[in-house]
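Everything on this sheet refers to the single structure shown next.
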Amino acid sequence: MSATWAAVLVTAIGCYLFKLAGLSAPLKLLEHPLVARVSDLLPVALLAALAAVQTLAVGTTLVLDARLAGVAAALVALLLRAPFIVVILVAALTAALVRLAV
Amino acid sequence: MLRRSLSVGVATAAYGLSFGALGVAAGLDVTQTCAMSVLVFTGGSQFALVGVLGGGGSALSGAASAVLLGSRNALYGARLAPLLRVRGAQRIAGAQLVMDESTAVALSAEEQGDRAGRLGFWATGLTVFVLWNLATLLGALAGRSVGDPRDLGLDAAAPAAFLALLLPRLRDRTSWSIAVAAALVATAAVPLVPAGVPVLVAALVPVVVVLRRRGEDGDRRGMDGDPR
């Protein structure tokens, strides 16, 4: 088996076990008010972090490029209450046009 | 709800196209790239592995950062468990569908009741699974001819999708401050830790905030006493 296949399979097994472990976590633990509050706010933190990192990072470097323009345009579309898919298209189109122009 | 699942699915399909193309560009073959979308099925980890391998990293470091990034799905799963209450074969199958989009839709839909939350999870998970894998195959096949998926702005579509999922959740001062703090912490961490880890570091923000709030509440009660 090639190293690449090994990496693919190890990643698949590891990721699946994390997913399964989460679903199998004892429900009692989540009824604790602190745990409930943290897990309620967790998606906010993760979504904000994912949005920021995917806008600004290339590997371990921070880069300002057309993605920022795309995400800024998406934010305007969101504030205008555009549907989800329109927001995505606005982001991609803006980034593509900025790259063409620069 | 189903329309929401479909638009999330279509948005991630755009992301899947770019994953397929990037996978082939990083030196994986079409089978390996498609196998990742079926078996790993969590976008961040897939991009992490492909990114490390494409950047000349070892298979081990690639798999390690991908699995580390995938650990956030355990937190999602724990958050979803009381809503889904799945057992046996349903849990075995449902686990594979636990990822960013299905969790985000399920948790927003949960406000309209548990039934809506469960429907949100399964509809989004299955829609994204089908479209993500189709898009990966198309992206991988087109990979050699399309050139750079960035020319289509696909790399801006992904963060825009996260932003669109985030905004409806920002309802009070606490959620706003957590979002801002998490974005700043993750960005600051980018040059300091391996790719993929900044998001995990930011996951500590709500833990710290909630623990500190509890401490302050305790102090206040202690000093002021109860007026009643």
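Every number in this text was worked out from the coordinates using simple rules, so none of it is lab data. These numbers were taken from a predicted model, which means no experiment stands behind them. All Cβ positions, even for glycine, are placed from backbone atoms using ideal geometry, and neighbour counts span all protein chains on display.
Dividing the summed -39500 (n - 2.57) terms of all DSSP H runs of n ≥ 4 by the residue count of chain B sets its mean residue ellipticity at 222 nm at -26000 deg cm²/dmol.
At 0.36 nm per residue, minus the direct Cα-Cα distance, what do B:LEU138 and B:LEU126 gain on full extension? Give it in nm, one decimal, please. Show your work: numbers first, answer last.
Numbers: separation 12, 0.36 × 12 = 4.32 nm, distance 1.84 nm.
That pair, B:LEU138 and B:LEU126, stretches by 2.5 nm at full extension.
What does the convex hull of the Cα atoms of the protein assembly as shown come to per residue, in Å³, rounded to a whole number? Write out the running numbers ahead of the final one.
Numbers: hull volume 47.8 nm³, N = 330.
So the per-residue Cα hull volume is 145 Å³.
For segment B:57-143, dividing the convex hull volume of the Cα atoms by the residue count gives 117 Å³ per residue.
Given charges of +1 on the Cβ of Lys and Arg and -1 on the Cβ of Asp and Glu, with all other atoms neutral, how large is the dipole of the protein assembly as shown about its Cα centre, in debye to the nearest 20? Present the calculation step by step, with values, prior to reporting the outcome.
Values: 26 positive and 18 negative charges, 129 e Å.
Roughly 620 debye for the protein assembly as shown.
Roughly how crowded by other chains is peptide A:62-73, in terms of the mean Cβ count from those chains within 10 Å of each of its Cβ atoms? Can you show the working numbers first?
Values: counts 4, 1, 0, 3, 4, 8, 2, 2, 8, 7, 3, 3.
Counting Cβ atoms of other protein chains within 10 Å of each residue's Cβ and averaging gives 4.
In debye, nearest 20, what is the charge dipole magnitude of chain B about its Cα centre with +1 on Lys and Arg Cβ and -1 on Asp and Glu Cβ, if you could check? Don't jump to the answer; show the numbers that get you there.
Details: 20 positive and 15 negative charges, 127 e Å.
Result for chain B is approximately 600 debye, rounded to the nearest 20.
With K and R counted +1 and D and E -1, the other residues having a Cβ less than 13 Å from that of A:CYS15 yield a net charge of +1. Mean sequence separation of contacting Cα pairs (under 8 Å, at least six apart), scaled by the length of chain A, corresponds to a relative contact order of 17 percent. Model label points for A:LEU62 and B:LEU167, set 7 angstrom from Cα along the Cα-to-Cβ axis, are 2.4 nm apart. When each of the peptides B:15-24, B:116-125, B:81-90 is scored by how many other beta carbons lie within 10 Å of its residues on average, the order from highest to lowest is B:15-24, B:116-125, B:81-90.
If you take each beta carbon of peptide B:82-92 and count the beta carbons of other chains within 10 angstrom, what is the mean?
Working: counts 8, 0, 1, 2, 2, 2, 0, 0, 1, 3, 3.
Mean shielding by partner chains, rounded to a whole number: 2.
For chain B, what does the relative contact order come out to in percent, with C-alpha contacts under 8 Å and a separation of six or more?
Working: 258 pairs, mean separation 68.6, N = 228.
Once normalised by length, the contact order is 30 percent.
Taking packing as the residue-averaged number of other Cβ atoms within 10 angstrom, the listed peptides B:169-179, B:94-104 run from highest to lowest as B:94-104, B:169-179. In whole percent, what relative contact order does segment B:73-123 give with Cα contacts below 8 Å and a gap of six or more residues? The value is 36 percent.
What is the ratio of the Cα radius of gyration of chain B to 2.2 N^0.38 Å, with N the residue count, to two decimals?
1.13
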